[in-house]
Structures are given as C-alpha cells and as structure tokens.
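The values are calculated or read from the model by the stated rules, or taken from the named source; none is laboratory data. Here the structure is a predicted model, which is why all the values come from computation and not from measurement. Virtual Cβ from ideal backbone geometry, glycine too; neighbours counted across all protein chains shown. Quick note on the areas: whole protein, heavy atoms, side chains included, nothing else; ligands and nucleic acids left out. Shrake-Rupley method; radii C 1.70, N 1.55, O 1.52, S 1.80 Å.
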Amino acid sequence: MSDSSQPRSFSSLLTVPLGVAVMLVEEYVWKGLKRLMARLARFAPIARVEAMIAGLPPKGAALVFFAPALLILPVKLAAVWAVATGHFLAGLLVLIGAKLFATALFARIYILCRPALMSFGWFVWLHDALTRAKVWAHAKLEAWPAWRRARVVVEAIVAEGRAVFARLARS
C-alpha cells in the first residue's frame with residue numbers, strides 16, 4: 001500500500017526540496033522585499049517617481065518593467081569577474097546583494113506596472129500561466145507532510161529572528 005503523501009520517485013526527492021526552497025524564498029524574501037520597497041515609497045521623491053511609473057502607457061511600462069534585469073547585468077558580470085580572479089566570497093556577496101536589490105526593485109515595479117502590462121495579451125497569458133503554476137506548486141507542497149513540518153520550523157525561526165531584531169532595535 002502506497003501513501004500518496006510521500007514522494008513517489010527519486011526525482012521527487014530532488015524536485016521537492018527545490019520547490020520548498022523556491023516557496024520559502026517567495027514567502028519570506030519576496031514578501032519582505034515588497035514591504036521594504038513599499039516603506040521606501042513613503043518618501044516624497046520616491047513617491048513622485050512611482051506616480052510617474054504608474055502613469056506610464058503600456059509600452060513605457062514594459063520598458064520600465066524589464067529595467068531591473070538590465071541594471072543587474074553589469075553587476076553580475078563584475079561578480080563573475082571577481083570569482084574568476086580568485087575573489088569567490090566577494091563575487092558571491094556582490095551577486096547576492098545585487099540579486100536582492102534587483103528583486104526588490106522588480107517587485108515594486110511589478111506592482112506599479114501591472115495594470116498597464118495587463119493590456120498586453122502575452123503578459124496576461126504569462127501572468128495567468130505563472131499564477132496557475134504557483135497555485136499548483138503550493139497545493140503539491142501543502143499535501144506533503146515534510147513541507148508542512150518544514151514550514152512550521154521555518155516560521156518559528158523567522159518569528160524568533162523578528163523577536164531578536166525587535167529586542168536589538170529597542171536597546
């Protein structure tokens with residue numbers, strides 16, 4: 001008798017941890033970066049730039065939407081150069097920092113440009129396909145007991161981290 005909640009194959013043992021990592025990044029990093037960028041948007045100069053971005057026509061919004069990918073390219077090349085010249089840790093840290101910044105910027109630009117981008121059929125199709133894939137992946141992971149246990153552990157670690165950070169901030 002087979003328990004359907006357990007991985008059925010060796011490939012599941014490889015893909016489920018990858019899925020878990022992606023979902024954890026999405027849950028904690030993506031959402032945290034979105035909150036951070038929303039806080040920054042309270043500053044008047046940034047709010048003015050955001051208002052301009054939100055008011056762009058669809059083609060302008062598409063150009064702005066892809067800007068983070070172009071902005072991070074020189075930084076990625078610099079990180080690769082650093083690794084190639086023996087500065088692995090520096091290259092890795094530069095790459096991680098740049099990726100976090102670009103992801104935060106992308107998340108905010110996505111929020112601002114989404115209404116204009118939804119006028120493109122290709123964007124609607126891509127958005128809907130990615131949303132369906134995300135829902136499917138969440139359902140698969142939620143059905144797996146190991147994911148539910150891992151989620152509880154991660155939530156406890158995140159809560160403890162927030163508590164420590166709050167105590168340090170008050171000191």
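Listed values, structure above:
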| read-out | value |
| --- | --- |
| Flag if Ala150 is surrounded by fewer than 14 Cβ atoms within 10 Å (Cβ to Cβ) and either farther than 18 Å from Lys31 by Cα or hydroxyl-bearing (Ser, Thr, Tyr) (or both) | no |
| Residue within segment 124-135 that is among the β-branched types (Val, Ile, Thr), out of contact with any helix residue (DSSP H, G or I) (no Cβ under 7 Å at 6 or more places or on another chain), touching a residue at least 24 places away in the same chain (Cβ under 8 Å) and in a helix (DSSP H, G or I) present | no |
| Hey, Leu105 surrounded by 12 or more Cβ atoms within 10 Å (Cβ to Cβ) and at pLDDT 90 or above or not | no |
| Segment 112-147, subset charged (D, E, K, R) and farther than 23 Å from Arg35 by Cα, residue surrounded by the most Cβ atoms within 10 Å (Cβ to Cβ) | Lys140 |
| In segment 50-68, the residues that are in contact with a helix residue (DSSP H, G or I) (Cβ under 8 Å, 6 or more places away or on another chain) and of a type in the set (Phe, Trp, Tyr) | Phe65 |
| Residue in segment 77-96 that is modelled with the lowest pLDDT, counting only those that are in a helix (DSSP H, G or I) and open to solvent by 70 Å² or more (accessible area, probe 1.4 Å) | Ile96 |
| Residues of segment 27-60 satisfying the condition of being open to solvent by 40 Å² or more (accessible area, probe 1.4 Å), charged (D, E, K, R) and either modelled with pLDDT under 75 or in a helix (DSSP H, G or I) (or both) | Lys31, Lys34, Arg35, Arg39, Arg48, Lys59 |
